[in-house]
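The values are calculated or read from the model by the stated rules, or taken from the named source; none is laboratory data. If you're wondering where the values come from, they're calculated on a predicted model, not measured in any experiment. Cβ sites come from the backbone with ideal geometry, for glycine too, and all protein chains shown count toward neighbours. Please note that ligands, DNA and RNA were not included when accessible areas were found on the heavy atoms of the full protein model with its side chains. Shrake-Rupley method; radii C 1.70, N 1.55, O 1.52, S 1.80 Å.
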Amino acid sequence: MATAKKTNQKTKKTAKKTAKKVAKKATAKTAKKAVKKAAKKAAPLATGEENIAIVRAFLRACEKNDVAGACAMLSENAVYHNIPLPPIRGRKRIQATLENAMKWTRDFRAVNVNVAAGGNAVLTERIDSMVVAGIYVELPVMGTFEIQNGKITAWRDYFDLIQIIRQLATGMPGLLKFIPGLSN
């Protein structure tokens, strides 16, 4: 009787181990199937060079004051964020913002110092220059562009807002003394 009891316990343990193995295999198979299915649905990733070309074309369009051409490279729900300022959401709003900016700026240039790409992101270290209200300004900028399906979905520029204010104020004698913290 003791032998039968031990055999029964061994059988139960073996059955549990087998059930666990089957469950793991089923879970692994299910996961593999889900990954394969998602991969088929996902759009193929562009190469870093393709994404860099999109960003360069976008910046060239901006340099030519071709706002419509630049915005055609944005996704419908793109986000543009000059980091010291609030983000702008949606291609139409971004286009309106850029069109407004073109009214009081001219001669925009973006000189890429370094450009790097990884995954869907392109990073640009740039020197942006332009004439704002008749005053030439030059600004170091670090930009991040995110690209999906050949369209820019996010554009973030990081820069020192105080630096551009100082340059503008220098072109307007006497203005600095009215802005606390900038007169240094």
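Could you tell me whether region 125-133 includes any residue that is under 15 Å from the mean Cα position of the chain (by Cα) and open to solvent by 50 Å² or more (accessible area, probe 1.4 Å)?
Scanning region 125-133 turns up at least one residue that is under 15 Å from the mean Cα position of the chain (by Cα) and open to solvent by 50 Å² or more (accessible area, probe 1.4 Å).
Where residues in region 95-107 are among the aliphatic types (A, V, I, L, M) and touching a residue at least 24 places away in the same chain (Cβ under 8 Å), which of them is least open to solvent (accessible area, probe 1.4 Å)?
Checking each candidate, the answer is Leu98.
Going through region 64-89 one residue at a time, which ones are in contact with a Phe, Trp or Tyr (Cβ under 7 Å, 6 or more places away or on another chain) and part of a helix (DSSP H, G or I)?
Listed by number, the list holds a single entry, Ala70.
Please enumerate the residues belonging to region 107-148 that are of a type in the set (Ser, Thr, Tyr) and over 27 Å from Met172 (Cβ atoms).
Those that are of a type in the set (Ser, Thr, Tyr) and over 27 Å from Met172 (Cβ atoms): Thr124, Thr144.
Condition test on Ile88, is it among the β-branched types (Val, Ile, Thr) and either without any contact (Cβ under 8 Å) to a residue 12 or more places away in the chain or at positive phi (or both)?
yes
With the requirement that a residue be surrounded by 15 or more Cβ atoms within 10 Å (Cβ to Cβ) and polar (S, T, N, Q), what does region 149-173 give you?
Thr153, Gln167, listed by residue number.
For residues in region 29-46 being part of a loop (DSSP other than H, G, I, E, B) and open to solvent by less than 100 Å² (accessible area, probe 1.4 Å), which is modelled with the highest pLDDT?
Ala46
Test Glu49 against the stated conditions and say whether it is at pLDDT 95 or above and either within 19 Å of the chain's Cα centre (by Cα) or not aromatic (Phe, Trp, Tyr) (or both).
no
How many residues, within region 116-168, are over 23 Å from Glu49 (Cα atoms) and among the small types (Gly, Ala, Ser)?
Count: 3.
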